[in-house]
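Below: the structure, in structure tokens.
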Amino acid sequence: KALLQQLAMSPKNLKTPSFWPDVGMLALLTGPFFLNDFIFLNIETAPQWLAADYGSKMLALIVLFAVLPLRRAAASTIKLKATLKEAVTLAVLSTGAVIFANYFFRVLVPIEIESLVLFRYPPLTPGLLYWTDITFGLALTAVSEEFVFRGVFAVVAARYLSGTAAMVLVSAIVFALIHWSHGLTSMVVAGIAGVVLMVLYLRTGSVLPGIAAHYAINFADFL
């Protein structure tokens, strides 16, 4: 709660709360993550998928660093406010929690509704594209999504959401919704990941542990 108050009052952030401009900036920043699924629905090959995926996330990062208030908000979310030991411990626990949730809902208690799965990732055989995605692609995903859906979202939304629970819930719902074309299971797991990673961010004060955890989670899923 103290961190939320600090974020809301920080002079580095937007100087005067203005609801609709803030909503507009968040929409501009998160838009590529929602819209790229429409492109996914019309692709057939792995190179097309990776081009759309990488392009949308790079676009989000360009917006993030091109818009001054967003860049300032992102910069304020880098410095670690917890001890390194605590940050590493929380990142490891967060990674394990999300990996277990993914296994639970995909294997132990499947909840998928096939009619809701509009897109499946084209298979990647071991080779240049595969290792590019496992390294660069997953890193790009972790960096862009943590800065946008944890760091910047927390800085801006703290102005309008009172309490940690509301912050965690709203951010998790938004994060779940950007996986809309991947089916119910992906949205549920993404929502759980959104909760876990936002709590990790609020506990450590930095997106860096979340980036590491996010990369590890996706690596375990795609490996």
- Task: Answer yes or no as to whether Ala166 is touching a residue at least 12 places away in the same chain (Cβ under 8 Å) and not hydroxyl-bearing (Ser, Thr, Tyr).
- Result: no
- Is there any pair linking a residue in region 113-136 that is free of Cβ contacts under 8 Å to residues at least 12 places away in the same chain and aromatic (Phe, Trp, Tyr) to one that is assigned to a loop (DSSP other than H, G, I, E, B) and open to solvent by less than 90 Å² (accessible area, probe 1.4 Å), with Cβ under 7 Å and at least six apart or on different chains, and which? Tyr130/Leu124
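Rundown of residues vs (1) of a type in the set (Lys, Arg); (2) under 26 Å from Trp180 (Cβ atoms); (3) modelled with pLDDT under 95; (4) part of a helix (DSSP H, G or I), yes/no style:
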{"site": "Ala27", "(1), (2), (3), (4)": "no, yes, yes, yes"}
{"site": "Asn36", "(1), (2), (3), (4)": "no, yes, yes, yes"}
{"site": "Ile39", "(1), (2), (3), (4)": "no, yes, yes, yes"}
{"site": "Ser56", "(1), (2), (3), (4)": "no, yes, no, yes"}
{"site": "Ala60", "(1), (2), (3), (4)": "no, yes, no, yes"}
{"site": "Pro69", "(1), (2), (3), (4)": "no, no, yes, yes"}
- Considering (1) free of Cβ contacts under 8 Å to residues at least 40 places away in the same chain; (2) over 18 Å from the mean Cα position of the chain (by Cα); (3) part of a helix (DSSP H, G or I), say which one Arg106 fails and leave the rest. (1)
- Quickly run through region 148-162 and pick out the residues that are at pLDDT 95 or above and either among the basic types (Lys, Arg) or open to solvent by 20 Å² or more (accessible area, probe 1.4 Å) (or both). Arg150
- Item | Residue check, Ala91 closer than 26 Å to Tyr54 by Cα, in contact (Cβ under 8 Å) with a residue 12 or more places away in the chain and open to solvent by less than 50 Å² (accessible area, probe 1.4 Å) | yes
- Task: Please give the number of the condition Leu35 fails out of (1) hydrophobic (A, V, I, L, M, F, W, C); (2) surrounded by 16 or more Cβ atoms within 10 Å (Cβ to Cβ); (3) within 17 Å of Glu145 (Cβ to Cβ).
- Result: (2)
- Provide a single number: the residues in region 64-82 that are under 16 Å from the mean Cα position of the chain (by Cα) and open to solvent by 40 Å² or more (accessible area, probe 1.4 Å). 1
- Item | Residue identified as buried (at least 19 other Cβ atoms within 10 Å of the Cβ), more than 30 Å from Ala66 (Cα to Cα), out of contact with any Cys (no Cβ under 6 Å at 6 or more places or on another chain) and at pLDDT 95 or above among Ile192, Ile111 | Ile192
- Show the residue pairs that are 6+ apart or on different chains and have beta-carbon atoms under 8 Å apart, the first residue being within region 204-223 and closer than 14 Å to Gly151 by Cα, the second being part of a loop (DSSP other than H, G, I, E, B) and of a type in the set (Val, Ile, Thr). Gly205/Thr77; Ser206/Thr77; Ser206/Ile78; Val207/Thr77; Val207/Ile78; Leu208/Ile78
- Query: Does region 173-182 include one or more residues that are within 19 Å of Ala91 (Cα to Cα), touching a residue at least 12 places away in the same chain (Cβ under 8 Å) and part of a helix (DSSP H, G or I)?
  - Reply: yes
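The values are calculated or read from the model by the stated rules, or taken from the named source; none is laboratory data. Bear in mind the structure is a predicted one, so any value in this text is a computation, not a measurement. Glycine gets a Cβ as well: all are built from the backbone with ideal geometry, and neighbour counts include every protein chain shown. Surface areas here come from the heavy atoms of the whole protein model, side chains and all, with no ligands, DNA or RNA. Shrake-Rupley method; radii C 1.70, N 1.55, O 1.52, S 1.80 Å.
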